[in-house]
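K.L.:
My questions will all concern the structure given below.
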Amino acid sequence: MEHITITVPAGRVLRGKALAGVVGSGDMEVLFTADQGQTLTIDITTSVDNSRGRWEALFTRLGLVSTLPAGQLVIHDFGATPGVARIRIEQVFEEVSYA
């Protein structure tokens, strides 16, 4: 197991909390809590060692296609593919944007 913390600039403010996925299902669980800050802090616990570069690349890509919200993102990963990871992350951001 590896624990990774990444902090990226945030460009929008949302309110609320959201959950997507279930780690026990064999992919990942993502929990997002919005705040009024200027950064998005991502805490990842993953079963895939040495994956920091993959996660940093994913958030760089997400930041290019969408403005990331301020808050705390907690990810429990059980070997999800980058595509599944992106879907789960986008799901929590979308859910909170409608709260």
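K.L.:
Where the second residue is open to solvent by 40 Å² or more (accessible area, probe 1.4 Å) and of a type in the set (Gly, Ala, Ser) and the first is in a helix (DSSP H, G or I) and lies in region 49-64, which pairs have Cβ atoms under 8 Å and are six or more apart or on separate chains?
P.N.:
none
K.L.:
Do we find a residue being among the β-branched types (Val, Ile, Thr) and modelled with pLDDT under 95 anywhere in region 14-26?
P.N.:
Checking region 14-26: at least one residue is among the β-branched types (Val, Ile, Thr) and modelled with pLDDT under 95.
K.L.:
Oh, and also: Looking at region 36-56 only, could you name the residues that are of a type in the set (Asp, Glu) and either on the phi > 0 side of the Ramachandran plot or in contact with a Leu (Cβ under 9 Å, 6 or more places away or on another chain) (or both)?
P.N.:
Asp43 - this is the single residue of region 36-56 that is of a type in the set (Asp, Glu) and either on the phi > 0 side of the Ramachandran plot or in contact with a Leu (Cβ under 9 Å, 6 or more places away or on another chain) (or both).
K.L.:
Also: Considering each residue of region 1-15, count those that are out of contact with any Leu (no Cβ under 8 Å at 6 or more places or on another chain) and in a strand (DSSP E or B), and give that number.
P.N.:
Within region 1-15, residues that are out of contact with any Leu (no Cβ under 8 Å at 6 or more places or on another chain) and in a strand (DSSP E or B) number 5.
K.L.:
Would you mention how many residues in region 16-30 are open to solvent by 60 Å² or more (accessible area, probe 1.4 Å) and either hydrophobic (A, V, I, L, M, F, W, C) or touching a Leu at 6+ places or on another chain (Cβ under 8 Å) (or both)?
P.N.:
So the answer is 3.
The values are calculated or read from the model by the stated rules, or taken from the named source; none is laboratory data. None of these values were measured; they are calculated from a predicted model. In this analysis, Cβ positions are derived from the backbone assuming ideal geometry, glycine residues included, and neighbour counts consider all displayed protein chains. Note: areas computed on protein heavy atoms with side chains; ligands, DNA, RNA excluded. Shrake-Rupley method; radii C 1.70, N 1.55, O 1.52, S 1.80 Å.
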